[in-house]
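Undergrad: The structure's right below; bear with me while I get my questions together.
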Amino acid sequence: MATLYFHIPFCQRICSYCDFYKVGALSLLYNVVEEMHCELDKRKDYLASQHITSIYFGGGTPSLVQPSEIERFISHARGLFDCSAVEEITLEANPDDLTEEYVKELAKTSVNRVSLGIQSFDDGALEMMNRRHTAAEAKEAVARLKRYGIDNISIDIIFGIAGYGGETLLNTLNEAIKLDVGHISAYHLTIEERTKLGLMTQRGEYTPISDEESEREYMVVHEALKAAGYEHYEVSNYAKEGCRARHNSAYWQGVEYLGIGPGAHSFSRDNRTWCISSAKEYAEGVVKYESEELSSLDHMNEYVMTSLRRVEGIDLGFIEERFGAKHAMRIKDAAREWIEAGVVYVEGSRLAIRPERFLVSDAVIEAFFA
Ligand code: SF4
């Protein structure tokens with residue numbers, strides 16, 4: 001069992017908070033897409049399993065690629081791997097790319113899930129984040145997808161934006177809930193040094209919200225989405241019944257994946273590989289990688305990290321069986337103070353973080369690391 005990831009690192013406009021690898025030179029897009037097909041052929045044997053369960057187009061902005069080209073990637077993958085069990089094919093999209101024509105064509109492809117970067121339903125917040133769309137365009141994009149029968153939709157929202165909490169955040173949550181989509185990802189705004197927002201913060205033009213305010217907003221999001229019937233199943237992810245993201249869930253469960261495109265990461269057996277070529281080099285066929293071999297300890301820490309971010313938590317029985325009794329004991333000891341603090345709870349052999357306390361998951365994960 002494995003998953004496939006296609007990385008389209010192009011963006012028409014750079015969001016003020018974004019630290020991902022992306023480029024604005026859309027003239028390279030055609031050549032990058034062609035080179036991605038070559039890379040897919042060359043790396044088809046990277047995966048131990050040829051049995052693919054999900055395909056994901058991420059970025060950047062994959063909706064800058066025409067639906068017919070998205071379908072060409074999917075057909076190509078079908079020719080190389082066993083895709084008979086693929087249940088989910090997701091396309092990340094920006095709302096303003098989803099024109100009538102685009103969605104009409106997208107509905108003819110095998111894509112069956114769209115993940116929309118909406119971020120806020122407040123035009124002021126969208127402008128501050130330098131997003132390309134308005135709140136009205138985002139709502140129309142969701143309605144249009146549904147009109148064409150694409151109703152497996154996820155939306156991203158961002159909270160923790162100074163000056164846009166309180167009523168503005170409540171309004172964004174209400175609008176998100178009204179859209180009645182199956183999946184919502186809610187991220188706390190992070191200020192990365194090399195971004196426009198990072199620069200504004202250094203110059204004193206932007207003041208991030210306090211930790212107390214972050215906690216308050218986190219709980220507002222958690223309570224509102226829970227009350228609306230969403231399960232808080234991962235630190236930043238909420239789903240209605242049967243709507244958990246299959247591709248991301250596979251990633252969190254340590255399923256191997258092949259990533260294609262400049263900047264894409266891959267993982268198989270004891271190896272992690274990432275493409276370090278710039279889009280420009282990549283477009284010219286210069287595709288370079290870096291990789292690392294993963295030790296048993298790396299695997300265990302990865303398991304601890306991804307599991308503690310999910311509502312299922314870690315299974316001490318599995319840790320004992322796979323990594324040894326001493327690690328299960330060590331984690332049990334480390335868990336004591338977190339259990340007393342009401343952050344972690346025990347259920348059978350499982351240790352999990354209460355969803356309302358996910359905000360401190362990084363500290364718990366660090367305490368549980370070998
Ligand atoms: S569209 Fe996405 S990848 Fe592109 S700049 Fe904005 S947040 Fe970053």
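None of the figures in this text is laboratory data; all of them are computed from the coordinates on show. Note that the structure is a prediction, hence the values are computed from the model and not measured. Note: ideal-geometry Cβ built from the backbone for every residue, glycine included; neighbour counts use all protein chains shown.
Undergrad: How big is the charge dipole of region 311-370 about its Cα centre, in debye rounded to the nearest 20, if each Lys and Arg gets +1 on its Cβ and each Asp and Glu gets -1 on its Cβ?
TA: Using only the charged Cβ atoms, the result is roughly 120 debye.
Undergrad: Through the Karplus equation 6.51 cos²θ - 1.76 cosθ + 1.60, θ set to phi - 60°, convert the phi angles of region 293-299 into ³J(HN,Hα) values in whole Hz; use x for Gly and Pro.
TA: Per-residue couplings from phi come out as 8, 9, 7, 4, 5, 4, 4 Hz.
Undergrad: Considering the dipole of the chain built from charges on the beta carbon (Lys and Arg +1, Asp and Glu -1) around the Cα centre, which of Ala250, Ser84, Gln119 is farthest to its positive end?
TA: Checking the options against the dipole of the chain, the answer is Ser84.
Undergrad: Hey, rough spin-label estimate for Glu192 and Glu213, points 7 angstrom out along Cα→Cβ, what's it come to in nanometres?
TA: If labels sit at Glu192 and Glu213, their model points lie 2.3 nm apart.
Undergrad: Fewest first, what order do Glu101, Glu39, Glu71 take by the number of other Cβ atoms within 10 Å?
TA: Placing the least packed residue first, the sequence is Glu101, Glu71, Glu39.
Undergrad: I'd like the Karplus ³J(HN,Hα) series for region 106-118: coefficients 6.51, -1.76, 1.60, θ = phi - 60°, whole numbers in Hz, and an x wherever there's a Gly or Pro.
TA: Calculated HN-Hα couplings, in order: 4, 5, 8, 8, 8, 5, 10, 8, 10, 10, 9, x, 8 Hz.
Undergrad: Which Cα, out of Gly348, Ala335, Ala325, lies furthest along the positive dipole direction of region 311-370 (beta carbon charges, K/R +1, D/E -1)?
TA: Towards the positive end, the residue furthest out is Ala325.
Undergrad: In addition: Would you mind classifying region 134-259 by shape? Square roots of the alpha carbon gyration tensor eigenvalues, ordered a ≥ b ≥ c; an a/c under 1.5 is rounded, otherwise it is prolate if a/b is larger than b/c and oblate if not.
TA: Judged from the Cα gyration tensor, region 134-259 comes out prolate (a/c at least 1.5, a/b above b/c).
Undergrad: Name the residues whose placed amide hydrogens come within less than 5 Å of the amide hydrogen of Ile8, ignoring near sequence neighbours (fewer than 5 apart) on the same chain.
TA: Gly58, Gly59
Undergrad: Residue by residue through region 192-200, what is 3J(HN,Hα) from phi via Karplus (6.51 cos²θ - 1.76 cosθ + 1.60, θ = phi - 60°)? Round to whole Hz and write x for glycine and proline.
TA: 9, 3, 8, 10, 4, 5, x, 5, 4
Undergrad: Shifting gears a bit: Using a 4.7 Å cut-off between beta carbons, which cysteines in the chain end up with no partner cysteine at all?
TA: Cys11, Cys38, Cys83, Cys243, Cys275
Undergrad: To continue, here is another question. What is the set of long-range amide H partners of His188 at a cut-off below 5 Å, with H atoms built 1.01 Å from backbone N?
TA: Amide H neighbours of His188: Phe159.
Undergrad: Checking the table Lys108/Lys146; Lys44/Lys288; Lys22/Lys240; Lys178/Lys240; Lys22/Lys288 against a 23 Å threshold on Cα-Cα, which pairs fail?
TA: Where the Cα-Cα span goes over 23 Å, the pairs concerned are Lys22/Lys240.
Undergrad: Round to a whole angstrom and tell me the spacing of the C-alpha centers of region 71-134 and region 187-250.
TA: Here the two parts' Cα centres lie 21 Å apart.
Undergrad: Write out the GluC sites (Glu not before Pro) in region 240-291 meeting two conditions: DSSP loop, and at most 10 other Cβ atoms within 10 Å of their Cβ.
TA: Those that pass, being in a loop and sparsely packed, are Glu241.
Undergrad: Could you rank the peptides 308-317, 185-194 by their average count of other C-beta atoms within 10 Å per residue, with the highest value first?
TA: 308-317, 185-194
Undergrad: Something else now. Using only DSSP helix segments of four residues or longer, with each worth -39500 (n - 2.57), what per-residue ellipticity at 222 nm results for the chain after dividing by its residue count and rounding to 500?
TA: -12000 deg cm²/dmol
Undergrad: Separate question: Mind putting a number on the dipole of region 1-135 about its Cα centre? Charges go on the C-beta only, +1 for Lys and Arg and -1 for Asp and Glu, and I need it in Debye to the nearest 20.
TA: 200
Undergrad: Express in nm, to one decimal, how much length is gained between Ala367 and Ser110 on full extension, taking 0.36 nm for each residue of separation and deducting their alpha carbon distance.
TA: Additional length available on full extension: 88.2 nm.
Undergrad: Shifting gears a bit: Report, as a whole number in µm² per second, the diffusion coefficient that Stokes-Einstein gives for the chain at 4 °C and 1.567 mPa s using the Kirkwood radius over alpha carbon pairs.
TA: For these conditions, the coefficient is 59 µm²/s.
Undergrad: Can I ask one more? Gap in Å between the Cα centre of region 24-62 and the Cα centre of region 279-339?
TA: 25
Undergrad: Once you charge only the Cβ atoms, +1 for Lys and Arg and -1 for Asp and Glu, what is the size of the charge dipole of the chain about its Cα centre, to the nearest 20 debye?
TA: Roughly 500 debye for the chain.
Undergrad: Something else: Which whole-number percentage describes the relative contact order of the chain, with Cα contacts under 8 Å and a sequence gap of 6 or more?
TA: 17
Undergrad: Shape call for region 191-332 from the C-alpha gyration tensor, a ≥ b ≥ c root eigenvalues: rounded (a/c under 1.5), prolate (a/b greater than b/c) or oblate?
TA: oblate
Undergrad: Still on this model: Check Ile155: other-chain or 5+ apart residues with amide H under 5 Å from its amide H, H built from backbone geometry?
TA: For Ile155, whose amide H was placed from the backbone, the distant partners under 5 Å are Leu116, His183, Ile184, Ser185.
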